[in-house]
Amino acid sequence: MKPEICLFCGKETAEGLHIFQAVICRECEGTLVRTDTTHPRYPEYVEKLKRIWPACEAGY
């Protein structure tokens with residue numbers, strides 16, 4: 001499998017969580033699921049996840 005770029009950290013990853021055309025590396029996936037909604041970085045994570053939405057609307 002060819003390396004892809006993580007939506008969150010921007011590093012190359014050969015595996016991770018694929019959502020439409022986006023990939024989230026294992027490390028960032030773990031951070032994401034452990035982050036409480038009151039954490040200061042939570043809004044940043046939500047904004048990054050919103051980047052996936054155009055692919056959802058396009059039907060990919």
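The values are calculated or read from the model by the stated rules, or taken from the named source; none is laboratory data. What you see is a predicted model, and the numbers here were worked out from it, not measured in a lab. Ideal geometry is used to build each Cβ from the backbone, glycine not excepted, and the neighbour counts take in all protein chains shown. These accessible areas exclude ligands, DNA and RNA; they are computed on the full protein's heavy atoms, side chains included. Shrake-Rupley method; radii C 1.70, N 1.55, O 1.52, S 1.80 Å.
A few remarks follow.
- Mean residue ellipticity, 222 nm, helices only, the chain: the sum of -39500 (n - 2.57) across DSSP H runs of n ≥ 4, divided by residue count and rounded to 500, is -10500 deg cm²/dmol.
- Rolling a 1.4 Å probe across all protein chains gives Arg41 an accessible area of roughly 110 Å².
- Extension gain (nm, one decimal) between Arg34 and Glu12, 0.36 nm per residue minus Cα-Cα: 5.7 nm
- Taking amide hydrogens as placed 1.01 Å from N in the peptide plane, the amide H of Gly16 sits under 5 Å from that of no residue at least 5 positions away in sequence or on another chain.
- Normalised Debye scattering of the chain at q = 0.19, 0.25, 0.26 Å⁻¹ gives log10 I(q)/I(0) of -0.71, -1.07, -1.12, counting only Cα atoms as equal scatterers and leaving out solvent.
- Cβ-derived FRET efficiency at R0 25 Å, Gln21 paired with Tyr42, nearest 0.05: 0.60
- Its relative contact order, with pairs defined as Cα atoms under 8 Å and 6+ residues apart, puts the chain at 28 percent.
- Rounded to whole numbers, the Karplus 3J(HN,Hα) couplings from phi for segment 28-41 are 5, 4, x, 4, 4, 6, 8, 7, 6, 5, 8, 5, x, 8 Hz, using 6.51 cos²θ - 1.76 cosθ + 1.60 with θ = phi - 60°, and x at Gly and Pro.
- Take the chain with all the other protein chains still there, run a 1.4 Å probe, and you get 75 Å² of accessible area per residue.
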